[in-house]
Amino acid sequence: MTREIILIAGAYLLGSIPTGLLLAKAAGVDIRAAGSGNIGATNVYRTLGRTVGVLTLVGDCLKGLLPVLAARYLGLTDAWIAAAGLAAFLGHVYTVFLGFKGGKGVATALGVFLGVSPLAVLGALAIFVLLVWKWRYISLGSISAAAAMPILVALLDRRPELVGMTVVVAALVIWKHRENIGRLRDGTENRFKA
């Protein structure tokens, strides 16, 4: 039980590392005072450009993926794998390093989902790409892909603990996008420009 507790605590702390904030600070910018004020990859991309945005995306994704892979490597049960992924995700969204205020969790959720069900991620990624290509809203693609993930994991993997974790993560991603949903409804959401 000790190693499981250490893994969960480590997953939360790893998830809590504010990748976008640190990379933006290295570039001389407080990302919380720029653009939308969010520390995630989309705002970093819009504010500081492609390179720093992609680095933020990769860093945030790895925060979710590595704890899940570690749990698998240790041969833990699905319940502990789910707990490790959820802890990493919660670390990003409610980071201890920023007064429990973090990002919206899309990239970290992507990492968690990659560790849980790569095939489901391919399906969700297809949804994301099609919607962003058609309407140019990152938020719409993210919300829709998150909503699809529990269904895809349930169809492809059928492991209750992992499906349950995916439902919780997807619901939180959508909840964190509630202001975006309002702007989408009002027609005031920013469109993505490559």
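Given axes a ≥ b ≥ c from the Cα gyration tensor, I'd like to know whether the range 1-186 is rounded (a/c under 1.5), prolate (a/b larger than b/c) or oblate.
Judged from the Cα gyration tensor, the range 1-186 comes out oblate (a/c at least 1.5, b/c at or above a/b).
Provide Rg over Rh for the range 53-129; use the alpha carbon set for both Rg and the Kirkwood Rh (inverse mean inverse pair distance).
The Rg/Rh ratio comes out at 0.99.
By how many degrees, between 0 and 90 and to the nearest 10, does the Cα long axis of helix 106-116 differ from the longest principal axis of the chain?
30
Relative contact order, percent, of the range 1-186 when contacts are C-alpha pairs under 8 Å separated by at least 6 residues?
Normalised by residue count, the contact order of the range 1-186 is 21 percent.
Can you tell me the 0 to 90 degree angle between the C-alpha axis of helix 50-73 and the longest principal axis of the chain, rounded to 10?
10
For the range 124-182, give the magnitude of the charge dipole about the Cα centre (Cβ charges: +1 Lys/Arg, -1 Asp/Glu; no others), in debye to the nearest 20.
140
Per residue, how much accessible area does the range 26-110 have with a 1.4 Å probe, in Å²?
Ligands and nucleic acids excluded, the figure is 45 Å² per residue.
Under 16 Å from the Cα of Lys193, which aspartates and glutamates turn up, not counting those fewer than eight places away in the same chain?
Correct list for Lys193: empty, as no aspartates and glutamates qualify.
Among the aspartates and glutamates, which fall within straight-line cross-link reach of Lys134, defined as a Cα-Cα distance under 19 Å, with same-chain neighbours fewer than 8 residues apart omitted?
Of all the aspartates and glutamates, those that pass the test against Lys134 - Cα under 19 Å, at least 8 places apart if same chain - are Asp186, Glu189.
Nearest 500 deg cm²/dmol is fine: what mean residue ellipticity at 222 nm does the chain get from its DSSP H runs of n ≥ 4 alone, each adding -39,500 (n - 2.57), divided by its residue count?
Mean residue ellipticity at 222 nm (helix-derived): -24500 deg cm²/dmol.
Select from Val93, Leu172, Trp133 the residue farthest towards the positive end of the dipole of the chain; place +1 on Cβ of Lys and Arg, -1 on Cβ of Asp and Glu, and compute about the Cα centre.
It is Trp133, whose Cα lies furthest towards the positive end.
For the range 1-186, with all protein chains present and a 1.4 Å probe, just round the carbon and sulfur fraction of the accessible area to a whole percent. All intermediate terms of the calculation are to be shown ahead of the outcome.
Working: 6290 of 9000 Å².
Ligands and nucleic acids excluded, carbon and sulfur reach 70 percent.
Does anyone have the angle between helix 138-156 and the longest principal axis of the chain? Alpha-carbon axes, 0 to 90°, nearest 10?
It works out to around 20 degrees.
Ordering Asp30, Asp60, Asp78 by accessible area with a probe of 1.4 Å, largest first, what comes out? Could the numbers behind the result be given before it?
On the way: Asp30 60, Asp60 5, Asp78 40 Å².
Sorted descending by solvent-accessible area, the residues read Asp30, Asp78, Asp60.
Given +1 on the Cβ of Lys and Arg, -1 on the Cβ of Asp and Glu, and no further charges, what dipole in debye does the range 1-186 carry about its Cα centre, rounded to the nearest 20?
440
For Lys176, go through the lysines and keep the ones whose alpha-carbon is under 17 Å away, minus same-chain ones fewer than eight residues off.
Once the sequence-local lysines are set aside, what remains near Lys176 is Lys101, Lys104.
How many Å³ per residue does the convex hull of the Cα positions in the range 1-77 occupy?
87
The values are calculated or read from the model by the stated rules, or taken from the named source; none is laboratory data. The shown structure was predicted, so the numbers you read here are calculated from the model rather than taken from an experiment. A quick note on method: Cβ atoms are made from the backbone with ideal geometry, for glycine too, and the neighbour counts reach across all protein chains shown. Areas reflect the complete protein model, heavy atoms only, side chains present, ligands, DNA and RNA absent. Shrake-Rupley method; radii C 1.70, N 1.55, O 1.52, S 1.80 Å.
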